[in-house]
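Structure first, commentary second.
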Amino acid sequence: MDKKFLRVFQVGLVLCLVVLIGTLSFAGSRGKFEVKVGDELYVCACGEKCPCDTISNNPGKCTCDADLVKAKVVRVEKDKAYFKAEGWTKERAFKTVGKYTCACPPACKCDTISQNPGKCTCGVEMKKM
């Protein structure tokens, strides 16, 4: 009986560690956009003084309720990406690490992040990171 209990305990411990490591890996990837020059994403069109810094893979509305516009990454610095969209006279900086991220299931690929709470582009309420 003791050997059987020890074996069940070991298997349970390994499963818990696998779930924990998977959860931590997933959590970090959802709140940060890994971007490179040339990437095209959807960003808030409000202007430089808007604090939401919403970035998404999908078109839609940002957390401040403005339309997102398709923009191209022109420069990347630590935790910031600079985007240029049609009609913008100059590039705009966006934080690539969000305070809020979409809480949709992993199959959803909107990957919306923002500095403000609200809904992501797939309609799910964002969660605080």
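What follows is calculated from the coordinates using simple rules that are stated; it is not laboratory data. Predicted model, so just to flag it, every value in this text is computed and none were measured. Every residue, glycine as well, gets a Cβ built from its backbone with ideal geometry; the counts of neighbours run over all protein chains shown.
The table below lists the values:
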item: Residue list for the range 41-59, restricted to those being buried (at least 17 other Cβ atoms within 10 Å of the Cβ), among the small types (Gly, Ala, Ser) and not in a strand (DSSP E or B); result: Ala45
item: Residue count, the range 72-98 (criterion: farther than 14 Å from Val35 by Cα and in contact (Cβ under 8 Å) with a residue 40 or more places away in the chain); result: 2
item: Lone unmet requirement of (1) assigned to a loop (DSSP other than H, G, I, E, B); (2) over 20 Å from Cys46 (Cα atoms); (3) not small (Gly, Ala, Ser) for Lys127; result: (1)
item: Residues (farther than 15 Å from Cys110 by Cβ and under 15 Å from the mean Cα position of the chain (by Cα)) located in the range 41-84; result: Cys52, Asp53, Asp79, Lys80, Ala81
